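Notes follow the structure.
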Amino acid sequence: MLDRMCVGDVARKHHIQLRGADGALRYEECFTRDGFDGPYTILYHLRRPHTQRLAPVKHGWAKPIDAGMRELAKRHYRTPALATQTGPQIDGRIALLFNDDLIAGVAFPTAPDPVYIADGDADQLIYIHQGGGTLRSVLGDLAFAQGDYVYVPRGLTHRFLPADGVAQHWLWFSLIGGIHVPKQWRNEVGQLRMDAPYSHRDFKRPTFDGPRDEGLRDLVVRKGGAWHGFVLEDSPLDAVGWDGTVYPWAFPILNFQPRVSSVHLPPTWHGTFAARGVLICSFVPRPVDFHPEAIPCPYPHSSTHCDEIIFYCDGNFTSRRGVGPGSISHHPMGLPHGPHPGSYEKSIGTTRTDELAVMLDTYQVLAVTPAGLAIEDANYQDSFV
């Protein structure tokens, strides 16, 4: 959650009457987290927002399946090989890795979502590696572009409209425990600290223009890993105003302000967002370590409590050979890992890096799906010898 927004027509106090110019009563909806104890947004609708009728399920991406036990090894997945998948993102998301806290995958949407979506299981965070478009929700339209993280709160009625004629390649995370700004970046009143790696101004917010009717009445809801179908009586985008802190946003990765030290900093200094069991880091172009004897390349390390995945976006990845834009490396806990042979030594004397990447550390072991196995680089483990 960021800060409070208040747009459109709202009552002067919670839970009292709001009427239109014609005297018609508006319907208040409390969109809450953690029961009624957490952040919330209050919306005001033209009609009752809870008039769903059961219907057959026609859309929804597939639940991840564990491909089974594998040898402990460093892994590399080439996601551009999956770009043959087409259609809307609601049907075309491909899960690659998962555990009880997280599902990670890719999508290559070529069409708008034909239904409204409400994910009752998890917050969604999507990194737009290629493409752009609009996230449309009951809270307004949120424009997003290449290089943006896009956040969708759990339970929000929405759909994605990819830009026409633009190739799309998205990295998506389903975060079961919710997403938040790491606590070290906030002060005691919840404001982003002045030494945080971003400010409130760096985030894009939805633009609210009032009620609209797109003619769509179908809604799919994910709960318990399964999709459920409904038909709505009216357009769900009928809010006349809202007030609160729960809303979608987009954050351009290049707005992340990197930290530089005389010696190499651990990846936690690149922490951008956090979730239950997950830390999400952004590696952006930056000067490197400036101690006269510094070794700028990441040091070999044994992460005994974390699985690590890195999605490579752009630039020269000094610690890795054979990876390119769209690659995902997966280094499991319990197995030491580090740069490819020669990279550690070669980095000495460099002054900056142009790498752009998204990294996740997870505190539970990640299982791979059959789709992940199908795009695995079988030679990656031996490439470190």
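Derivation of every value follows stated rules applied to the coordinates shown; laboratory data play no part. From a predicted model like this one, the values you see are computed outputs, not experimental measurements. Every residue, glycine as well, gets a Cβ built from its backbone with ideal geometry; the counts of neighbours run over all protein chains shown.
What area, in nm² and to one decimal, does the C-alpha convex hull of region 204-281 cast on average over all directions?
8.7
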Based on the Kirkwood radius over alpha-carbon pairs, what value in µm²/s does the Stokes-Einstein equation return for the translational diffusion coefficient of the chain at 4 °C and 1.567 mPa s? 58
Long-range amide H partners of R47 with built H, under 5 Å: Y27
Computed ³J(HN,Hα) along region 250-264: with the Karplus parameters 6.51/-1.76/1.60, θ = phi - 60°, integer Hz and x for glycine or proline, the list is 10, 10, x, 4, 6, 7, 5, 9, x, 9, 10, 10, 5, 10, 5
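Output the relative contact order of the chain, whole-number percent, from Cα pairs under 8 angstrom with separation of 6+ residues.
Values: 959 pairs, mean separation 82.5, N = 385.
Once divided by the residue count of the chain, the mean separation gives 21 percent.
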What residue among I128, I295, I179 has the largest mean-square fluctuation in a Gaussian network model of the chain, using Cα springs under 10 Å? I295
Highest-fluctuation residue, F230, F283, F311 considered, GNM on the chain with Cα pairs under 10 Å: F230
Towards the positive end of the charge dipole of region 256-384, with charges on Cβ (+1 Lys, Arg; -1 Asp, Glu), say which of P332, P292, G277 has the farthest Cα. P292
For region 120-184 and region 305-354, what is the separation of their Cα centres, given in Å? 26
Compare Q124, Q85, Q17 in a GNM of the chain, Cα atoms joined below 10 Å, and give the one with the largest fluctuation. Q17
Given the options A122, Y344, N187, identify the residue whose Cα lies farthest towards the positive end of the charge dipole of the chain (+1 on Cβ of Lys, Arg; -1 on Cβ of Asp, Glu). N187
For region 256-384, would you read off the P(r) tail past 24 Å as a percentage of all alpha carbon pairs? 27
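If you put +1 on each Lys and Arg Cβ and -1 on each Asp and Glu Cβ, how big is the dipole of region 165-269 around its Cα centre, in Debye rounded to 20?
Result for region 165-269 is approximately 620 debye, rounded to the nearest 20.
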If you average the sequence gap of Cα pairs under 8 Å that are 6 or more apart and divide by the length of region 256-384, what percent do you get for the contact order? 31
Tell me, how many Å apart are the Cα centres for region 21-44 and for region 199-258? 15
I'd like to compare 331-339, 272-280: which one has the highest average count of other Cβ atoms within 10 Å, and what's the full order after that? 272-280, 331-339
Dividing the helical contributions, -39500 (n - 2.57) per DSSP H run of n ≥ 4, by the residues of the chain yields a 222 nm value, nearest 500 deg cm²/dmol, of -500 deg cm²/dmol
Taking the Cα centre of the chain as origin and charging only Cβ (+1 Lys, Arg; -1 Asp, Glu), how large is the dipole, in debye to the nearest 20? 320
